[in-house]
Structure formats: C-alpha cells, structure tokens
Amino acid sequence: MKKILLLLAVMLLFIADSYSQASFNTGAMEIAVNQYGRIRLFTPDGTRHLQRASILVGTSATSVFDYTNDAGELEPTVLVSNPLISDYEIYGAYDNSYSSLPPAIIEKLNAYGWNNGAYAIIKLNVKNIETSNINASIGLDIIPELNQEYGYDSVTYNSEAGVIWFHRGNQETMGMKLLSASLSSLYSFEWFTDYSTDANYWNWLNHGSLQSEYISTTADGPVTITSQSPVVLGPGVSCDVFYAMALGADEETMLANIAAAEQKYYIITGVEDKELSANELNLGQNSPNPFNQSTTIRYQLPDNGFVSLKVYNSIGNEVATLVNTKQTKGSYTVHFDASGLSGGMYYYKLSCNDMVKSNKMLLVK
C-alpha cells in the first residue's frame, strides 16, 4: 500500500518537483531539497536512499509543524551560486502558510556539500513568529529508502558515535547525526497510512529515550523520529539545529563520512576545543584531526590514580593501548602512531578512578 500511495504522489508531483527543487552532486553523493523542505539523498548513479527527511517543531499534542500538513514555501529553494563556506549549497525558507495552524514558525534550511564527499551538513534555523514564547521540541521525520527499496531494513543507534545507522544486509547504508545538541528521543516504527498527525508526532518527539535498534518486518519499512531537548524561543527569536547526513558502502565507511562532516561542522560554526580544566578529568581533541599517520592526544587528571587510555575502531574493537599505569595529578600529552591502521573513524577512551571520558578521531589514508 505504501508503495502505491507514494508512486501516486510522485506522479502527481513530478512536474512540480522538476521545477521547484534544487540539487547538487558532489561526485560521491547527490542531495535534493524540494520547495517545501523535503531532503533526499542519492548515490551518484541516481539511486535514492532517503525518501524524505523533514523538520518537526512541536509545542503540544495539537501543535506540531511538519512537512505533510503545514509546510508552505516562504522563499524559493535554490542552488546558491557562490557558496561562502562550502563547495555546494542549497537554501530555502518555509512557514506554516499551507495550514495556518500553530506553531507559527519559519524554517530556513541550508544544505552544504563538498567535492567528492559522501556527506552533507544540514542547517535548520527555526524562528518563532508567534506573539509569545514557545517551548519547541525540534527533530526530524525520516523515511529511509535504501537502494530505492522499502522494507526489511534496520535502524541502529551507535551510541559511541552518536550516529543513527540505516542498513539492510550488505547494501548501501545511510547515517545521520545531530551535531548541535544531544538527542533526547529516537524512535522508529513501521510506516502506516496517515501516521503524520500532531498527536503522533508529539508522542514520538517526547519518547524520552534512544531506541537502540528497530528491525522492519514488512515491505512498508520504518519511519524514524528524532528530537532534542525542548528549546525556549521568545517572539522573533531563532535557534540553529545542525545534522550530518552521509552514505557509505558499509558502517565503517558511513561513520568515516559522518566524522568528515563533523569536522566541517566545527569549521562552519567555529567550535573549538575548550582549555582543559585542572579540576576535573578532561580529554582533549586529538591534533591534528583528521590525521594521516600520527596525532597527539592531551588529557588532564584532577587527582593521582591509575590511568588507562585506549583506542578503538568504529565497531568497538580495541586497536591500541596508549597508557596503562599510575599517574599523578596534572596534564599529559600522548603521541599516537596509526601508521599500521586502515583509514576510518576511531574512538579513544580515558579512564581514571572510575571516571571516563571519550572522544573520536578520523584517520585518513
């Protein structure tokens, strides 16, 4: 049933989509955004892997802004001719003019891409245009379509990387990560007709936990809803929400692409490492990152204790022990030689006196 309904929708909207959307192809991935803010991902051969990702902004069980019921075009979705912070950029703005129902918000969307990158950064700016404060739960409504097929795929949350992984057997995989905040809710369910009601969305946005895995058992496939903790927005006030989206032949490749996108996010937003505090256990970002052969890791111990600093690959296997001894309070620098390892994303974990810190790094070869 889902396929029939979506096929009819595609046929009805074909002409509109052809003229009212913007897209770019990095050489490793194509991204398209339509006139109402729907995001799709393709491999360069034109195979679609994301049927739709679109914003959700909820303030109550009867007030949720969503793509299907509310989104109207405020400013055309266009390919930016001279991007300032990326090689490719799409911009569009959308509001609730289609439904005129609360919450009254403006969504400004920017999609950034880089040459030969199988990843993109999505910036969602949410502005409150109501006359009073709103407490906004902001997330995504995601319908995967791996290899342009629905059903029997899985949604797995990689808690170590903070990445939502969409996969089916040994086919192309897709990943998404909320970059600008922590996920507060992650919930997947089997697609059904007319699932997109305010009450349903509100419940899923406020699920309150991160579902570790969902396995689709029908040809309809999953829908995934994400959310972050509510944000209070006064009248005329806006906030930015950033997601990384990536494709990959397998989980390791997809995670490496997400990590590459995250490095671009640091550049775009100007996020930098904070100075390590002497009063708490701190683990700095390795430098350089990404790196080719070797990198340096800094950490700070608040007290004397037994210290362990280990490196793990993207699937959690230990690949190196850098420190495993007693150390006194103070700051330390450790050199990590990764010349014998393959490229990809790795994690390093610092433990001392029952305290644990972890971080991630990208090895590029």
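The values are calculated or read from the model by the stated rules, or taken from the named source; none is laboratory data. Note that this is a predicted model, so its numbers are computed, not measured. Methodologically, a virtual Cβ is constructed for each residue, glycine included, from the backbone with ideal geometry; neighbour enumeration extends over all protein chains shown.
Here are the numbers:
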quantity	calculated
So PRO76, is it assigned by TED's automatic domain parsing to the domain that holds SER185, surrounded by fewer than 15 Cβ atoms within 10 Å (Cβ to Cβ) and modelled with pLDDT of 95 or more	yes
Qualifying residue in region 174-187 (condition: outside any strand (DSSP E or B) and more than 12 Å from the chain's Cα centre (by Cα))	no
Which listed residue is closer than 16 Å to LEU255 by Cβ, within 28 Å of the chain's Cα centre (by Cα), at pLDDT below 90 and not in a loop (DSSP other than H, G, I, E, B), from LYS360, LYS365	LYS360
Filter pass, ILE268 being among the aliphatic types (A, V, I, L, M) and either buried (at least 21 other Cβ atoms within 10 Å of the Cβ) or in a loop (DSSP other than H, G, I, E, B) (or both)	no
Hits in region 33-64 (condition: in contact (Cβ under 8 Å) with a residue 60 or more places away in the chain, closer than 25 Å to SER229 by Cα and either basic (Lys, Arg) or out of contact with any strand residue (DSSP E or B) (no Cβ under 7 Å at 6 or more places or on another chain) (or both))	ARG52, SER60, ALA61, THR62, SER63
Where ASP240 falls short, out of the listed (1) surrounded by fewer than 16 Cβ atoms within 10 Å (Cβ to Cβ); (2) under 22 Å from ARG48 (Cα atoms)	(2)
Unique residue being part of a strand (DSSP E or B), in contact (Cβ under 8 Å) with a residue 40 or more places away in the chain and assigned by TED's automatic domain parsing to the domain that holds THR47 when the list is THR131, THR224	THR224
Test set (1) over 26 Å from the mean Cα position of the chain (by Cα); (2) part of a strand (DSSP E or B); (3) at pLDDT 85 or above - TYR346 fails condition number	(1)
Residues of region 1-40 that turn out to be in a loop (DSSP other than H, G, I, E, B) and either among the hydroxyl-bearing types (Ser, Thr, Tyr) or modelled with pLDDT of 50 or more (or both), as a count	11
Hits in region 213-245 - residues which are over 25 Å from LYS123 (Cβ atoms) and either in contact with a helix residue (DSSP H, G or I) (Cβ under 7 Å, 6 or more places away or on another chain) or among the β-branched types (Val, Ile, Thr) (or both)	ILE215, THR217, THR218, ASP220
Residues of region 136-172 that turn out to be under 17 Å from GLU262 (Cβ atoms), of a type in the set (S, T, N, Q) and part of a strand (DSSP E or B), as a count	1
Residue within region 65-77 that is in contact with a His (Cβ under 8 Å, 6 or more places away or on another chain), of a type in the set (D, E, K, R) and touching a residue at least 40 places away in the same chain (Cβ under 8 Å) present	no
Pick from region 323-365, criterion of a type in the set (A, V, I, L, M) and surrounded by 18 or more Cβ atoms within 10 Å (Cβ to Cβ), ranking: farthest from GLY162 (Cα to Cα)	ALA338
Test for ASN257: is it modelled with pLDDT under 95 and in contact with a helix residue (DSSP H, G or I) (Cβ under 8 Å, 6 or more places away or on another chain)	no
All positions within region 335-365 that are aliphatic (A, V, I, L, M), closer than 19 Å to ALA261 by Cα and out of contact with any helix residue (DSSP H, G or I) (no Cβ under 7 Å at 6 or more places or on another chain)	MET361, LEU363, VAL364
